[in-house]
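> Below is a structure I'd like to ask you about.
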Amino acid sequence: MDEYYSAIRRLPPFLRDALAQLSPVVAASVHEIRLRSGRPVVFSTANGPLLAQNLIPKAADALGPISQERLQECFYALCERSVHSYERQLAEGFFTLPGGHRVGVAGLFHYTEDRLKGFQAVTSLNLRVARAIFLPLPQELTDYLHNGFRGMMVVGPPGSGKTTLLRSIIRAISDQGRKVAVVDERFELWPCGPGGFAQPVPLHCDVLSGCGKAFGILTALRSLGPQVIACDELGGQDEFRALEQGRKAGVDFLCSVHAEHLEDLLLRLNKSRMELARDFSCCVFLHSVARAGSIREVVWL
């Protein structure tokens, strides 16, 4: 059964039962379920946004405009009435469900002593469906992984398939017998809970789940002896400082970053091409969400 049905499992019955009527063929094309106060439910697909009530006419009433009260009910249901358990993640504007499904949150922010603590009211929820998909790698990347791999960045806009490609490359590196430490801050690469992993992890991988990337990188260096460290959505200066320590220890890095093209990437990271080349030898740029997971260009640094 498609992961879509797993993603909606925690929603309250009025919405879960309606969304569950979506046909499996269509469900497989849904990558986000958008819930907004006063607006109808919208699916994000490769073909653009689609109104859920048009795809599930029998449940049109439940999928029409969602009241603020109903949206708040959805939020509490997704948190299993334990918002404090997700306080740290909510401070970043999201939380992750079992299976790696990520819920983005917008609303009225709540601050304590100039620090974001969470939300006083939730006005939007973006439920992103996580699927453990692996992509076949093009020959150019396969050859590079076998011959002289020295750091790689996977670059693309949101929804372009960066995490999927990153997961595929990690597995390919592990299959070579190289030790990989995966810093999975948002539980998206290999979702893990108290019962273990939702999907099997490659043989030579260790996964640090739910910790910040800088902390995870330094922890991996101290205790796991990796040859490669992989993490999603690199960006903070503290993360680059941790990366530099890893490079001095002879560790290679595989990371993803939100950006459209090389100039955008350099601006986002506040680095020159020469500075980036000290830690990475290539950047793999992906197409937009309409061609998620497909490589547009490989730029050698």
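The values are calculated or read from the model by the stated rules, or taken from the named source; none is laboratory data. This one's a predicted model, so the numbers in the text were calculated from it and none came from an experiment. Ideal geometry is used to build each Cβ from the backbone, glycine not excepted, and the neighbour counts take in all protein chains shown. Please note that ligands, DNA and RNA were not included when accessible areas were found on the heavy atoms of the full protein model with its side chains. Shrake-Rupley method; radii C 1.70, N 1.55, O 1.52, S 1.80 Å.
> Take Gln176 and Gln139, extend 7 Å from each Cα along the Cα→Cβ direction, and tell me the distance between the two endpoints in nm.
In this crude label model, Gln176 to Gln139 measures out at 1.8 nm.
> How much of the accessible area of the range 71-210, in percent, comes from carbon and sulfur atoms when a 1.4 Å probe is used? Don't skip to the answer; put the middle values down first.
On the way: 3170 of 6280 Å².
Percent of accessible area from carbon and sulfur atoms in the range 71-210: 50.
> Taking 0.36 nm per residue of separation and subtracting the Cα-Cα distance, what length does fully extending Gln21 through Glu80 add? Provide the component values of the computation, followed by the final result.
On the way: separation 59, 0.36 × 59 = 21.24 nm, distance 2.28 nm.
That works out to 19.0 nm of additional length.
> While we're looking at this one, here's another question. Round to the nearest 10 and give me the degree value, 0 to 90, for the angle of helix 237-248's Cα axis relative to the longest principal axis of the chain.
That helix lies at roughly 30 degrees to the long axis.
> Summing Lys, Arg as +1 and Asp, Glu as -1, what charge do residues with Cβ under 11 Å from the Cβ of Gly64 carry, Gly64 excluded?
Values: positive: Arg39, Arg70; negative: Asp61.
Taking every Cβ under 11 Å from that of Gly64, the sum is +1.
> Can you give the calculated 222 nm mean residue ellipticity of the chain, where each DSSP H run of n ≥ 4 adds -39,500 (n - 2.57) and the sum is split over every residue, rounded to the nearest 500 deg cm²/dmol?
On the way: 13 runs with 97 residues, N = 301.
For the chain, the value works out to -8500 deg cm²/dmol.
> If you count only protein heavy atoms and use a 1.4 Å probe, how large is the accessible surface of Leu189, to the nearest 10 Å²?
Estimated to the nearest 10 Å², Leu189 gives 0 Å².
> In what sequence, largest accessible area first, do His101, His146, His287 appear using a 1.4 Å probe?
Values: His101 5, His146 120, His287 40 Å².
Listed by decreasing accessible area, they come as His146, His287, His101.
> How far is it, in nm, from the label point at Arg36 to the one at Ala121 when both lie 7 Å from their Cα along the line to the Cβ?
With each label point 7 Å from Cα toward Cβ, the separation is 1.7 nm.
> When the chain is fully extended, how far beyond the present Cα-Cα distance does Leu203 get from Gln227, taking 0.36 nm per residue of separation? Before the final figure, lay out the partial values.
On the way: separation 24, 0.36 × 24 = 8.64 nm, distance 1.41 nm.
Result for the pair: 7.2 nm of gain on full extension.
> While we're looking at this one, here's another question. What length, rounded to one decimal in nm, is gained on full extension from Asn270 through to Lys58, with 0.36 nm per residue of separation minus their alpha-carbon distance? Can you show the working numbers first?
Working: separation 212, 0.36 × 212 = 76.32 nm, distance 5.12 nm.
Stretched out fully, the Asn270 to Lys58 stretch lengthens by 71.2 nm.
> Between the range 212-267 and the range 167-193, what is the separation of their alpha carbon centroids in Å?
14 Å
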